[in-house]
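Student: The structure under discussion is supplied below as structure tokens; questions concerning it will follow.
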Amino acid sequence: MPCEFKTAELPNGLRLIAEVDPQSYTAAAGFFVRTGSRDEQAQFMGVSHFLEHMMFKGTPRRSADDVNREFDELGANYNAFTSQEMTAFWAHVMPEYLNPALDLLADIMRPALREQDFQTERGVILEEIAMYADMPFWRLYEASMEHYYRHHPLAYRVLGTNETIGGLQREAMQAYFNDRYSADNTVLALAGNLDFDAAVDAVGDWCGRWKRTDTKRHYDELSLADHHFTIDDANSNRHYMLMIAPAPAADDDRRYAASMLASLLGDQEGSLLYWALVEPGIAEEAQVGFDGRDGVGEYYVFASCPTERAAQVEEIVSDQIKRCLELVTEDDLVRLRNKTATSVTLAGERPAGRMKRLGRVWTYLQRYSTLEEELARIQAVTLDDVRAVYEAFPFRPRTVGHLRPMA
């Protein structure tokens with residue numbers, strides 16, 4: 001019996017979506033909020049991620065210990081994440097525990113934001129920033145995004161900076177929360193063995209009083225140009241290169257071909273860059289990825305190598321990008337379509353995977369598509385589609401960043 005899609009909307013604008021599968025052995029639920037670092041003000045950079053931490057520090061009904069203990073008592077696999085464009089809180093449980101898991105998730109979505117907890121967690125965030133600052137790749141990635149997006153808010157760091165987190169006040173966090181974490185800016189995604197009507201009734205009791213704010217995302221103008229920069233890093237013992245270039249947005253139908261092109265160029269094994277750089281031992285790593293975002297998208301090309309080979313690696317990367325359409329064959333595309341379809345199917349076999357896919361797709365596109373439709377779109381990509389997306393997005397203009405060991 002295939003999954004059945006169901007949807008409902010509470011009077012306050014909170015949307016519930018579900019793929020119901022009575023034959024599943026588990027159930028999953030997640031709140032997805034359409035807010036992230038791109039929706040912050042520059043002086044409050046990192047507030048979305050900070051709020052993710054605060055959600056687990058207690059509510060008017062529960063302490064932080066209560067939250068963790070109750071999730072554990074349910075046997076839940078639970079977590080949260082913050083990105084540039086969304087924040088999510090989810091749990092995966094046995095079907096009989098879905099209702100108490102929903103109660104718990106709904107409760108932490110309205111945190112107490114106590115001042116003492118705020119000050120304690122500020123220290124945790126600053127330690128996290130320091131930890132990532134010691135990772136050469138992460139330093140290069142954040143710097144590359146800042147150079148590429150420049151004055152656009154997608155340049156903002158998800159974790160924030162020492163200055164923005166150190167200067168953030170609880171009142172500013174509360175104001176941001178009140179505006180962005182509203183009922184009409186949130187979707188609850190469910191998947192697995194569940195009673196959807198009962199879930200709607202229960203969520204209506206717990207979330208029906210959440211406010212509607214009609215908050216909107218601002219779409220700043222993006223100005224791009226070729227750019228190179230270099231960072232000298234005392235903690236690095238190898239050379240890293242990261243290239244960022246324009247690609248289709250999340251709602252662009254060309255995103256499927258763009259994803260295929262990225263994998264054909266730089267999948268971990270069997271790609272053009274693998275055979276040109278990794279297999280002959282010129283570079284230790286060489287990958288290409290695609291990120292479709294709200295209104296924009298980007299390719300990223302990453303490689304690591306000994307410093308003395310950095311110029312050679314960048315030259316080979318540029319050459320492979322320039323020649324990729326003449327080097328890729330139909331057999332390559334068939335192999336990749338099948339590999340991608342397998343990966344997507346495996347991710348969708350468990351309710352947690354289906355729930356996350358549901359939440360992400362709806363948050364970006366405000367519509368539903370089945371896993372089968374997604375697989376059909378993947379299998380339908382042709383070499384002509386790959387050529388067309390390359391011609392529209394030819395990895396130009398590009399920002400190229402280098403992080404090298406300090407001499």
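The values are calculated or read from the model by the stated rules, or taken from the named source; none is laboratory data. As the structure is a prediction and not an experimental result, all values here were calculated from the model. Reconstructed Cβ throughout: ideal geometry from the backbone, glycine too, with neighbour counts over all protein chains shown.
Student: Go through (1) closer than 30 Å to ALA191 by Cα; (2) free of Cβ contacts under 8 Å to residues at least 40 places away in the same chain; (3) part of a helix (DSSP H, G or I) one by one and return the number of the condition ALA311 breaks.
Tutor: (1)
Student: Suppose the filter is outside the structural domain of TYR149 (by TED's automatic domain parsing), within 24 Å of the chain's Cα centre (by Cα), assigned to a helix (DSSP H, G or I) and not polar (S, T, N, Q); does ILE378 pass it?
Tutor: Spelling it out, ILE378 is indeed outside the structural domain of TYR149 (by TED's automatic domain parsing), within 24 Å of the chain's Cα centre (by Cα), assigned to a helix (DSSP H, G or I) and not polar (S, T, N, Q).
Student: Okay, next question. Go through the range 126-160 and give me each residue that's under 15 Å from the mean Cα position of the chain (by Cα) and closer than 15 Å to ASP220 by Cα.
Tutor: LEU154, ALA155, TYR156 - these are the residues of the range 126-160 that are under 15 Å from the mean Cα position of the chain (by Cα) and closer than 15 Å to ASP220 by Cα.
Student: Examine the range 127-140 for a residue that is outside the structural domain of ALA303 (by TED's automatic domain parsing), farther than 22 Å from ALA18 by Cα and hydroxyl-bearing (Ser, Thr, Tyr), and state whether such a residue exists.
Tutor: Yes; the residues of the range 127-140 include at least one that is outside the structural domain of ALA303 (by TED's automatic domain parsing), farther than 22 Å from ALA18 by Cα and hydroxyl-bearing (Ser, Thr, Tyr).
Student: Among LEU102, LEU74, LEU51, which is farther than 30 Å from VAL296 by Cα and touching a residue at least 60 places away in the same chain (Cβ under 8 Å)?
Tutor: LEU102 is the lone residue from the list that is farther than 30 Å from VAL296 by Cα and touching a residue at least 60 places away in the same chain (Cβ under 8 Å).
Student: Among the residues of the range 1-46 satisfying the criterion of being of a type in the set (A, V, I, L, M, F, W, C) and within 16 Å of PHE177 (Cβ to Cβ), which is surrounded by the fewest Cβ atoms within 10 Å (Cβ to Cβ)?
Tutor: Per the stated criteria, the residue is PHE44.
Student: Need at least 2 residues that are at positive phi, buried (at least 21 other Cβ atoms within 10 Å of the Cβ) and free of Cβ contacts under 8 Å to residues at least 40 places away in the same chain per element, so show me which helices (runs of 4 or more DSSP H) inside the range 143-258 make the cut, counting only ones lying wholly within it.
Tutor: none
Student: In this structure, is LEU346 part of a helix (DSSP H, G or I), over 14 Å from MET260 (Cβ atoms) and of a type in the set (A, V, I, L, M, F, W, C)?
Tutor: Here the answer is yes, as LEU346 does meet what is asked.
Student: Could you pull out the residue among PHE31, PHE44, PHE5 that is closer than 14 Å to THR186 by Cα and modelled with pLDDT of 95 or more?
Tutor: None of the other options fit; the residue is PHE31.
Student: Across the range 215-258, which residue is farthest from ILE321 (Cα to Cα) among those that are touching a strand residue (DSSP E or B) at 6+ places or on another chain (Cβ under 9 Å) and hydroxyl-bearing (Ser, Thr, Tyr)?
Tutor: SER236
Student: Looking at the range 357-365, is at least one residue within 16 Å of HIS92 (Cβ to Cβ), in a loop (DSSP other than H, G, I, E, B) and not assigned by TED's automatic domain parsing to the domain that holds ASN193?
Tutor: The answer is no; no qualifying residue exists.
Student: Within 22 Å of TYR148 (Cα to Cα), part of a strand (DSSP E or B) and at pLDDT 95 or above: does that describe GLN287?
Tutor: yes
Student: Scan the range 388-405 for residues that are of a type in the set (A, V, I, L, M) and part of a strand (DSSP E or B) and report the count.
Tutor: Summing the residues that are of a type in the set (A, V, I, L, M) and part of a strand (DSSP E or B) in the range 388-405 gives 2.
Student: Considering only residues that are in contact (Cβ under 8 Å) with a residue 24 or more places away in the chain and in contact with a Ser or Thr (Cβ under 9 Å, 6 or more places away or on another chain), look in the range 56-68 and name the one that is nearest to ARG122 (Cα to Cα).
Tutor: LYS57
Student: Would you check which residues across the range 322-331 are touching a helix residue (DSSP H, G or I) at 6+ places or on another chain (Cβ under 7 Å), closer than 20 Å to PRO394 by Cβ and surrounded by fewer than 19 Cβ atoms within 10 Å (Cβ to Cβ) and list them?
Tutor: If the condition is that a residue be touching a helix residue (DSSP H, G or I) at 6+ places or on another chain (Cβ under 7 Å), closer than 20 Å to PRO394 by Cβ and surrounded by fewer than 19 Cβ atoms within 10 Å (Cβ to Cβ), then LEU325, LEU327 are the ones that fit.
Student: Based on what the data block shows, is THR215 among the hydroxyl-bearing types (Ser, Thr, Tyr) and closer than 30 Å to ALA407 by Cα?
Tutor: When the stated conditions are applied, THR215 does not pass them.
Student: Could you please find all residues in the range 264-289 being surrounded by fewer than 23 Cβ atoms within 10 Å (Cβ to Cβ), touching a residue at least 24 places away in the same chain (Cβ under 8 Å) and either at negative phi or among the acidic types (Asp, Glu) (or both)?
Tutor: Selection gives ASP267, ALA276, ILE282, GLU284, GLY289.
Student: Which one is farthest from LEU14 (Cα to Cα), of the residues in the range 130-141 that are modelled with pLDDT of 95 or more and crowded, with 19+ Cβ neighbours inside 10 Å?
Tutor: Filtering the range 130-141 for residues that are modelled with pLDDT of 95 or more and crowded, with 19+ Cβ neighbours inside 10 Å, the one farthest from LEU14 (Cα to Cα) comes out as LEU140.
Student: From the set of residues in the range 295-337 that are of a type in the set (Lys, Arg) and within 28 Å of the chain's Cα centre (by Cα), which is nearest to ASP220 (Cα to Cα)?
Tutor: The qualifying residue nearest to ASP220 (Cα to Cα) is ARG337.
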